[in-house]
1. Would you confirm whether any residue within the range 93-112 is out of contact with any strand residue (DSSP E or B) (no Cβ under 7 Å at 6 or more places or on another chain), assigned to a helix (DSSP H, G or I), in contact (Cβ under 8 Å) with a residue 40 or more places away in the chain and not aromatic (F, W, Y)?
2. Only one residue in S34, S74 is touching a helix residue (DSSP H, G or I) at 6+ places or on another chain (Cβ under 9 Å), polar (S, T, N, Q) and under 30 Å from V16 (Cβ atoms), so which one is that?
3. Looking at this structure, is L64 part of a helix (DSSP H, G or I), within 29 Å of the chain's Cα centre (by Cα) and surrounded by 14 or more Cβ atoms within 10 Å (Cβ to Cβ)?
4. Do you know which of the residues in the range 44-61 that are among the hydrophobic types (A, V, I, L, M, F, W, C), in contact with a helix residue (DSSP H, G or I) (Cβ under 7 Å, 6 or more places away or on another chain) and assigned to a helix (DSSP H, G or I) is surrounded by the fewest Cβ atoms within 10 Å (Cβ to Cβ)?
Amino acid sequence: MALNGWKRMGIVASVVWILGAGAITYNSEMEWSSRWIAAAHVACDSRLTGDASFDAGFAECNKLADDSLALAFSNARLKGAVVAFVPVPLGWGFAYLVLFLVRWVKRGFMQRP
């Protein structure tokens, strides 16, 4: 199967989209989640008082932050994958639909012998 220039450009654009959109979405989701987790950790730490309960409370705050960060990693990976991979087949499908419609309309205007 020979690929013309448009298909080759589409493949390159698809690969660039997958890598770029996936990385940007993952990084922005992790940055946003990290800020909220850090703010929640600071708020949790600020409520701690006393010496004995402080250590136990601090450990609980750290565990909560670690669990939240693990969840944020998995959510960021999922969102990055969805943003990277879902638009590619939709874009190719839309391009072929437009191409089909243009050719169909063009055939309707052609003279018939």
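1. Within the range 93-112, one or more residues are out of contact with any strand residue (DSSP E or B) (no Cβ under 7 Å at 6 or more places or on another chain), assigned to a helix (DSSP H, G or I), in contact (Cβ under 8 Å) with a residue 40 or more places away in the chain and not aromatic (F, W, Y).
2. Numbers: S74 fails: touching a helix residue (DSSP H, G or I) at 6+ places or on another chain (Cβ under 9 Å).
When all the criteria are applied, what remains is S34.
3. Values: part of a helix (DSSP H, G or I): yes; within 29 Å of the chain's Cα centre (by Cα): yes; surrounded by 14 or more Cβ atoms within 10 Å (Cβ to Cβ): yes.
For L64, the condition - part of a helix (DSSP H, G or I), within 29 Å of the chain's Cα centre (by Cα) and surrounded by 14 or more Cβ atoms within 10 Å (Cβ to Cβ) - is met.
4. Here is the first cut: in the range 44-61, the ones among the hydrophobic types (A, V, I, L, M, F, W, C) are 44, 48, 52, 54, 56, 58-59, 61.
Still in the running and in contact with a helix residue (DSSP H, G or I) (Cβ under 7 Å, 6 or more places away or on another chain): 44, 48, 58, 61.
From the residues that got through so far, the ones that are assigned to a helix (DSSP H, G or I) too are 44, 58, 61.
Values: C44: 16, F58: 14, C61: 19.
That would be F58.
Readers should treat all values here as calculations from the given coordinates under stated rules, not as data from a laboratory. Keep in mind the model is a prediction, meaning the values are calculated, not measured. Using ideal geometry, Cβ is built from the backbone for each residue, glycine included, and neighbour counts are taken over all protein chains shown.
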